Structure formats: C-alpha cells, structure tokens
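Following: one structure in structure tokens, then a few remarks.
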Amino acid sequence: MNHNAEKISVNRDLFAKAYNFYKKKNYDSCYVYSTKALSVSKNTNEKDILNYIQGVSAIKKNLYKKALINISAISEGDYVSLKNSKLGMIYLNIKNYKKSIFFYKKWEKNNVDTKLSLKRNAFHNLGLNYIHVKDYGNAKKYFDKELKLIQKEDTLSLIRTKMDLANAYYNQYLDDDAIPLFQEAYDLAISFSDIEVKQNSAQNMAVVERNRKRYKESVEYYEEFIKWKDSIWNRDRIWELTEKDKQLAVAQKESEIALQDEKLKRQRIVQRGLLVGAGGLLLFIGLLGFFYRKLKKKNGLITQQKEDLNIANKTKDYLFSVVSHDLRSPMNTIKFQHEELKKHITNNNLEGIKQANNTAITVTKSTSHLLNNVLHWSLQQSNQMTYSEKEYALQPIIEQVLYDYENLIEANAIEIKTNYIKNSLVKVDRESLKIVFRNLLDNAVKYMKGKGIITVEIGTDDQNMAYVSIADTGIGISQERLEKINALKGVSIDKINRSEGVGLGLILCQTLIKKNKGILTFESEEGKGTKVVIQLPVFSEQ
C-alpha cells in the first residue's frame, strides 16, 4: 500500500469512529475523533459532516463559541438548512437574539424537507427570540405555528408552548388571552409526571392570581409551588442518600473483595508451589525428550552416513570396474599396435606403419575420452565440479564443440549437417553442457561404423523448451537397451549394473543435464540410427 492509500485509509477510519460515536450520543469521544478527522480530511462533503457532528457535540457540552466556529465552517451546499437552524440555536443560547432570528428566517425559506420535530423546535425558538426583542406579535405567530405541529399525546411540548405563548400575551398586558393559556398549561401539568413542569405552572398561576388581587387563590398556588419545590428537594435528597447507600454498599463489597483477594493470594501461593513442582517435572521430562531426540538424530545421522558410504563404495567399485575393464582392452590394443608398428618399421612397410599408427591414434582418443568421463564423474560425485549458471545462446556453444570435432569427423568420412531453427537463450553451466555434447558426438561417431551423416538441430518445441537434437545414421540401439538408457533419468550410479551395457558416459550425461534443469531423451531404431534430444528451459528475465 502506498502513502496516499494509507492516508485515505486513516481518514476513513477516523471519520467512521467520529460518526459512530455521534450516533451513539457519546459526544465527548465524537468531539475528539472529529477533531482528528478534520485535521487530515480534504473532501468538502466529509468536512461538512465532521463540522456538523462536532458542532452538535460542542452544543451538548455547552461550548457555544466552538460550536459557532464548526457550524459556520459548513459550506453552502446540501447542509445549508441544518447549518442555519443550528446557527439560530447557538445565537439564542449566547443571547444574540437578532442574529438568531436572522438565521432562523434563512432556515424558514428552505425548510421543506425538515423533520417535524426540528420544525417545531425552530418555531419555538423563533417565538422565544421575538419575546426577548419584545416583538410579541411575531412571538405569537411562531408559537401558534408550533402548536399546530404538536400532537395531542406530546403533553410536555403542549405545556411548554402554552406557557411561552401565555408569557408573550402577558408581557403585552393581554391578560384575557394569557390567563386561559396559563390555566390550560396548569391543568395539563397536574396530570403530567414531570415535577419541574408542575412547579413552573403552579408558580405562573400564583403570579397571575396575585396580580389579579385574588390573594387566597394566589396563596394556594404558592403553597402548591412550594410543595412541588420540596418534592424536587426531597427527590434530590433521596437520590443523594441513595448515592451514599450505594457508596457504603460499594465500600462493604470492596472490603469483602479484599478478604476474598487475600484468600485467593494464599491459594495462588499454594498453586505456584504446585506449578513449580509440576514445572520441574515437565522440565525433567523435556530434558529426557531432548536427549532422546538428540540420540535419535545422531543414530539417523550414522544411518545416513552408512548409506552414503555404501553408495560411495558402489561408486568406487563401479569406477574401478570401468578402469580395470574398459582401460585394459585399449591399453592391450595400443601395446599390440606398437609392436606391429615396430615390425612394419623393420620391414619398411609404409602402408602397415600408417594403418597401425591410425589405429593407435583412434584407440588413444577413445581412451582419453573414457578418462575424461571418469575424471568428470569423480569431480561431480565429490562436489568438486564447479557450476556457474549464466545466460548463454545455444548456437555458439554447439559451434564450439563441433569445431573441436572437425578433424575427427573428417578422418572418419562423416558429414555434419546443422539446422539452426531458433537460437534460444538458456541459463546453464556452459562447461558441463559442453561435456554432454562431446559425449553424445563421441557416441555418434563411435557407432557410425564408417561413412554417415550427423545432423545437429536447435530450436523451440511445443512446450516452449529450447532443444538440441543430435541424430546419426549409425547402427542404432536395440529396443531393450534403449529402455534401459531412457530409464537413467531417475537412477543413480549405485543402482546401475554394468553388465546391462550402460556406460559411464551416458550416466554422466543424464546427471549433468538434470543439474542444468533439463531433460535428455534417446530415440533409436536398430540399423537406422539414433536421435538424442536435450530439452532446456528457455531463459526469461521476469
């Protein structure tokens, strides 16, 4: 995730937290998270919502100046109606009645979709504003509007509005209009559960009756007012006593908890002792297990070393067999040819000298090839053969090997044909690949038995693998031996029986091709020649 994506993720997280706290009416947390979100937010709509919910949170905390900053920052877009109504409320609370009226009037022009409860509240606050500026006509107008929106079951709103409207009339000395409203509010308050409402309505009636010089009725209302006032005091007193009882109960509970904690501490000490003992036992068992695993691992290592030694011994036996069997015959041949050469020199037989010399050279090259294979196999088995994988084109590697074989091929009257369909790039160890090519060319020449053609082709197959094929027109391979040669892909030297006619060179070729992540396959038919295909993965820079 890049830096911008991380910022967007943080913005959304802060916004979501602020809005969720607002929905849950947790205004303190909403205030904190909306502040954080506003510091990083760039989106106008998002900032409008954050300013609104922080402004409402500030109002709930009586931070009206802060609320004024937030609500004023809302853009003149989709939230303009809410903005004007909240500004009207804020200015009413800070007693700037003219500005409050100004913003409520702006709200009134565009309040079609406003909720019923918000409309009622706005009309009520407009009525209060007009009372404070002594514009009683407009005060009555908006209180009347509010009354039309109040449902009958909303007793509290009816009482509040009737009392505010009555005060508007009363301040204009319109007693005939005011007194019935005070009376209605009082009658509703009697059957209502809110004690403060009962107290306020009784006080209003006491003042009205005193001003009408009906002192007896006024005293009765004052007595009722005092009764409700005492009820409020008693209620608060009961709450206070209840709170003290709670505190005493909590203190007693804490004392019981402390005693229980002391018991638990003692139990924990006993448990710790048991745990220490159990831990010591587990440690002892763990140590036994550790030493057992170590011994088992050591035995496994010894077993593996024994298996490796067996393979090494079989490899050694195989190599000794190669040296003792495959070298004995050519060395005897060379010895015999030297004796023949000596005889021909004595007899001055030039044709015999030439023939003996050519035979000795051929046998010597074959023996040299065998020794090279033994050397390479020994190095490979002892992990001393260096592998250095790099990107190479196949064609130059093939051409280098073919160049080295020009003299041998000409001497044997063999024709080389090349078909470079596609020169692929492969990632291989070049030197080990050359060893494979030399062995395969040696075999092709060796089993040609006279004149013939060797065709070398490179290209790409259907599996998107680079391939090199070396096809000869030699004597071919029997089906039985061909199956054994192709089976070498997954067989190690310790499982090869030399009596089956599989030489070291072919095993070395399979090993080195596998090391280069390739596949070596032989196709042949007796009397028609042999085709060897090497498949290698095409190098890709991805």
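When Arg438, Arg272 are ordered from fewest to most other Cβ atoms inside 10 Å of their Cβ, what list results?
If I rank by nearby Cβ atoms, fewest first, I get Arg272, Arg438.
Could you list Ser39, Ser57 in order of exposure, starting from the residue whose Cβ has the fewest other Cβ atoms within 10 Å?
Ser39, Ser57
Would you list, by chain and number, the lysines whose Cα falls below 20 Å from the Cα of Lys298, excluding same-chain residues fewer than 8 positions away?
Lys306
Could you sort out which of Lys23/Lys198; Lys446/Lys531; Lys23/Lys109; Lys297/Lys515; Lys109/Lys148 sit more than 25 Å apart by Cα distance in this structure?
Too far apart for the 25 Å limit: Lys23/Lys198; Lys23/Lys109; Lys297/Lys515.
How would you classify the stretch 387-537 from its alpha-carbon gyration tensor, with a ≥ b ≥ c the square roots of the eigenvalues: rounded for a/c under 1.5, else prolate if a/b is greater than b/c, otherwise oblate?
Oblate is the answer for the stretch 387-537, as a/c is 1.5 or above yet b/c matches or exceeds a/b.
Give me a comma-separated list of calculated 3J(HN,Hα) values for the stretch 54-65, in order, Karplus coefficients 6.51, -1.76, 1.60 applied at θ = phi - 60°, integers in Hz, x for any Gly or Pro.
Rounded to whole hertz, the list is 6, x, 5, 4, 5, 4, 5, 9, 6, 9, 5, 5.
Once amide H atoms are built 1.01 Å from N in the peptide plane, which residues 5 or more positions from Gly459, or in another chain, come under 5 Å H to H?
Lys422, Tyr467
Need the full-extension length gain, Glu399 to Gln172, defined as separation in residues times 0.36 nm minus the C-alpha distance. One decimal, nm.
Length difference between fully extended and current span is 69.9 nm.
Between Ser540 and Thr35, what is the FRET efficiency for a Förster distance of 56 Å, r being their Cβ-Cβ separation, to the nearest 0.05?
With R0 = 56 Å, the Cβ-Cβ based efficiency is 0.55.
Can you spot the lysines whose alpha carbon is less than 22 Å from Lys42's alpha carbon? Ignore those fewer than 8 places along the same chain.
Result set, ordered by chain and number: Lys7, Lys17, Lys66, Lys83.
So how far apart, in nm, are the two label points at Asp28 and Gln355 if each is 7 Å from Cα heading toward Cβ?
11.7
Would you work out if the stretch 57-182 is rounded, prolate or oblate? Take a ≥ b ≥ c from the square roots of the eigenvalues of the alpha-carbon gyration tensor; rounded if a/c is under 1.5, else prolate when a/b is larger than b/c, oblate otherwise.
It comes out prolate by the Cα gyration axes.
Assuming 0.36 nm per residue, please report the length gained on full extension of the stretch Asn96 to Phe192 beyond their Cα-Cα distance. All intermediate terms of the calculation are to be shown ahead of the outcome.
Details: separation 96, 0.36 × 96 = 34.56 nm, distance 3.32 nm.
Roughly 31.2 nm would be gained on extension.
What ranking do Met465, Met89 get, fewest neighbouring Cβ atoms within 10 angstrom at the top?
Fewest to most other Cβ atoms nearby, the residues stand as Met465, Met89.
With unit charges on the beta carbons (Lys and Arg positive, Asp and Glu negative) and the dipole taken about the Cα centre of the stretch 1-75, which residue among Tyr19, Ser29, Thr44 sits farthest to the positive side?
Going by the Cα projections, it comes out as Ser29.
In nm, what is the difference between 0.36 nm times the number of residues separating Asn138 and Gln260 and their Cα-Cα distance?
In short, 37.1 nm is gained.
Which value, in debye to the nearest 20, describes the size of the charge dipole of the stretch 48-161 about its Cα centre when Lys and Arg Cβ atoms bear +1, Asp and Glu Cβ atoms bear -1, and nothing else is charged?
It comes to approximately 400 debye.
Using the Karplus equation 6.51 cos²θ - 1.76 cosθ + 1.60 (θ = phi - 60°), what ³J(HN,Hα) coupling, rounded to whole Hz, does each residue of the stretch 293-299 give in order, writing x for Gly and Pro?
5, 5, 5, 5, 5, 5, 4
Just so you know, all these numbers are worked out from the coordinates, no wet-lab data involved. As the structure is a prediction and not an experimental result, all values here were calculated from the model. Note that we place each Cβ from the backbone using ideal geometry, even for glycine, and neighbour counts take in every protein chain shown.
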